[in-house]
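Asker: Shown below is the structure under consideration.
Any read-out appearing in this document is the output of simple, stated calculations on the displayed coordinates, not a laboratory observation. Computed from a predicted structure; not experimentally measured. Neighbour counts are summed over all protein chains in view; Cβ atoms, including those assigned to glycine, are modelled from backbone coordinates with ideal geometry.
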Amino acid sequence: MHSVAKGAIPLVFLGGAMGALLRWQFGLLIANDFWSLMIVNVLGSMAIGVVSTLRTTSLFKAFLQTGFLGSFTSMSALIALISPSLSSLEAMFAILITFVVAPLSVVLGVKLVKLQS
C-alpha cells in the first residue's frame, strides 16, 4: 500500500466533481447517451495516456488523472447503458469500444506525448 500525498484527497474530490459535471454536460450536448459515453470514454482514455506520461506532481495527477478523468470516463455509466434497451449489436459495440478502443487511446495519448519530447 502506498501513502497518500498531503492534500490529495480534496483534489481528487474536486476533480471528480468537475469530471462528472463535464460528462453530464457532454451527454446533454450530444443528446444520445450511447454515443456521448463512447466518445467520452475514448477521449478520456487518450487524456489519461497523456497525463500518465507527463512529468508532473503527484497532486496534479491525483486531481486530473484520478479525480477528473476518472469520473469523466465511467464504467458504471457503461454498465447502466448496457441494458435491455440496447440491441445486442449496440451492447457488443459499446464493450468493444470500452475494452479495445479506449485502451488503445491510452497508448495513443502516451505516443503523442513522446512525439513532442
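Asker: Once you compute Rg and the Kirkwood Rh from C-alpha atoms, what is the Rg to Rh ratio for the range 11-117? Walk me through the intermediate numbers first.
Answerer: Values: Rg = 14.3 Å, Rh = 14.2 Å.
Rounded to two decimals, Rg over Rh is 1.01.
Asker: Would you compute, from DSSP H runs of 4+ residues alone, the mean residue ellipticity of the chain at 222 nm, taking -39500 (n - 2.57) per run and dividing by the full residue count, rounded to the nearest 500?
Answerer: Values: 6 runs with 79 residues, N = 117.
Helix-only estimate at 222 nm: -21500 deg cm²/dmol.
Asker: Expressed as a whole number of Å, what is the distance separating the alpha-carbon centroids of the range 55-99 and the range 15-50?
Answerer: 8
Asker: Determine the dipole magnitude for the chain: charges of +1 sit on the beta-carbon of Lys and Arg, -1 on that of Asp and Glu, nothing else is charged, the reference point is the Cα centre, and the result goes in debye to the nearest 20. If you can, show how the numbers build up before the last one.
Answerer: On the way: 6 positive and 2 negative charges, 107 e Å.
I would put it at about 520 debye.
Asker: Tell me which of V4, F63, A91 sits at the most positive position along the dipole axis of the chain, charges placed on C-beta atoms (Lys, Arg +1; Asp, Glu -1).
Answerer: So the residue furthest toward the plus end is V4.
Asker: Another question about this same structure. Based on C-alpha coordinates, I'd like the Rg and Dmax of the range 39-97, in Å.
Answerer: 14.2, 44
Asker: For the chain, take the longest principal axis of its alpha carbons; what is the angle in degrees between that and the long axis of helix 33-53, to the nearest 10 within 0 to 90?
Answerer: It is inclined by approximately 20 degrees.
Asker: Longest span of the chain, sites excluded, free of trypsin sites (Lys or Arg not before Pro) in DSSP loop with at most 12 other C-beta atoms within 10 Å? If you can, show how the numbers build up before the last one.
Answerer: Working: sites that count: K6, R55.
Counting only loop sites that pass the neighbour cut-off, the longest clear stretch is 56-117.
Asker: What's the angle, to the nearest 10 degrees (0 to 90), between helix 102-116's Cα axis and the longest principal axis of the chain?
Answerer: 40
Asker: Moving on to the next point. Taking the Cα atoms only, what angle lies between the long axis of helix 8-30 and the longest principal axis of the chain, rounded to 10 degrees?
Answerer: Taking the Cα atoms of the chain, the angle to 8-30 is about 30 degrees.
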